[in-house]
Every structure is written in structure tokens, then in C-alpha cells.
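Read the structure below first, then the notes.
Only the coordinates and a few stated rules stand behind these numbers; no lab work does. Just so you know, these numbers come straight off a predicted model, no measurement behind them. As a convention, Cβ positions derive from the backbone with ideal geometry for all residues, glycine included, and neighbour counts pool all protein chains shown.
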């Protein structure tokens, strides 16, 4: 019963937010309740909850407009869309060049999520689920952890843990930290069957104009497609593609800041 009520409340809140538009940027409580066919007190409670989260705000005339949080979320979407648009041609070219599946990944809520993918031209390509991947078990995750301060990396692990997904998963903090130092030296990260058996990945950082890692360019393949002997050459190729994307995002430094 509680879950059903929560879903109903969420749907009602979304209905309220969707009423705001260029043609109708502000609403009074009575006006909005009549438009939605809802009880006035119900709409008022919904607006009160949305206001507490910064999604709407009440003006001195007691009418409601969209809040700052909505515009912040819109800016996040715009930046991510710009990132994908910038990276897409480089990803497709890289996938054709190295004949591996290439993904663009971000770190959200402690896990790695793909926001774009370019498939290998070969018949056998790697399908990765849409769910989040553990950062400590993935090449992309190691990239993000490598370019924050070591104290922050330790704090990240204390919160998210170091889950063992395969026999190769790194579960020792000191080993992880040493691996992150190696990522910074090489400019790319390696994941050796640490998330899924028979699958290896390499990833390089993509920086924004402030020198902050905003995504990781990751290539994956089976252990036959991506043996360790290819790491140096492929790591350099992936890093070069990531650098091109970074340059188009306004980053021209040779080394990014950490933290």
C-alpha cells in the first residue's frame, strides 16, 4: 500500500511540473488544481514538497514558478548531450580502428554508467548491461578514482566498498591505490577480467575545460580480442582519442588536476 501511494505521489508531482511551460510559466494553487482536476489541498501539499526540493518556488504574488533545481538539472542534461555529441565521431572512428566495442561512461552515485556506445564492426562485440558497474572493478571507474585526491578515493571505497565480482577483482585498498597511481603514469586504466570473466577493458580520461574528468572512454573485448600484449598500443590509441575529445571540450593541458 505504501509503495503504491509513493508512486501515486511521484506521478502527481510530475504532473504538476509538466504544467509549467513557456506559455504558462507560473501558476496559482487554485488555478493549477482546477487545471489538473485535483483537490486544492492536494495540489498545495505537492507544491510544498516540490518547493522543499527547490523544484518550484513561490513568488511574492503567491504564484509558483519553476525553481533553480530544475534549471540545474537541465544544465546537467545539456552538458551531457554536448559531451555525447562531441565524443560520438571519435568513438565510431576508434571502434572501427581497433575493432572493439567503445563506450563513453560517467560516474553517478558511486557507479559507472554508459551514456553512449559505438559497436565493433566485427560480428562478435561486447554487450554491456545498462545497469551501474562497480567503479573498483571497471577500467572507467579506475579512471575516475585515479584523478581525485587519494583521501577522496579512500573515502569513496569506505562508502561503496570493494566488491568481488570475479577471482580477479581487486579487494585490497593498497593494491587499488597503487593501481590508480599507475593509471596516472600511463594515462589509461586496465581492467583484467575483474568485472566479468573473459572480458577485459581499457579506459582513458576525458577532461573538461577546467581539467576535471567528466567521462571515461572505454574499449572492451574478450580476452582473445584484447590480450594483455595489446595493452600498450591500444592504451595509447584510446588515450589519443580521449585527448581529441578533451580538446574539443576546451581542455589543452598535458596533465589534469586531481581533486
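Assorted remarks:
- Relative contact order of the stretch 144-205, taken over Cα pairs closer than 8 Å and 6 or more residues apart, is 30 percent.
- Protection proxy ranking, peptides 152-160, 21-29, average beta carbon neighbours within 10 Å, highest first: 152-160, 21-29
- In plain terms, the bigger the Kirkwood radius, the slower the diffusion; for the stretch 77-248, with that radius from Cα pairs, at 20 °C and 1.002 mPa s, Stokes-Einstein puts D at 136 µm²/s.
- Compactness relative to 2.2 N^0.38 Å, alpha carbon Rg of the stretch 2-66: 1.06
- Per residue, the average separation of C-alpha pairs within less than 8 Å and at least 6 apart gives the stretch 32-118 a relative contact order of 15 percent.
- Alpha carbon Rg of the stretch 61-108, scaled by the compact-globule rule 2.2 N^0.38 Å: 1.83
- Scaled against 2.2 N^0.38 Å for its residue count N, the alpha carbon radius of gyration of the stretch 165-259 is 1.12.
- Within the chain, helix-based [θ] at 222 nm, where runs of 4 or more DSSP H residues each add -39,500 (n - 2.57), nearest 500: -15000 deg cm²/dmol
- Across the chain, the relative contact order, built from alpha-carbon pairs under 8 Å that are at least six residues apart, equals 15 percent.
- Relative packing of peptides 49-56, 10-17 - highest average C-beta neighbours within 10 Å first: 49-56, 10-17
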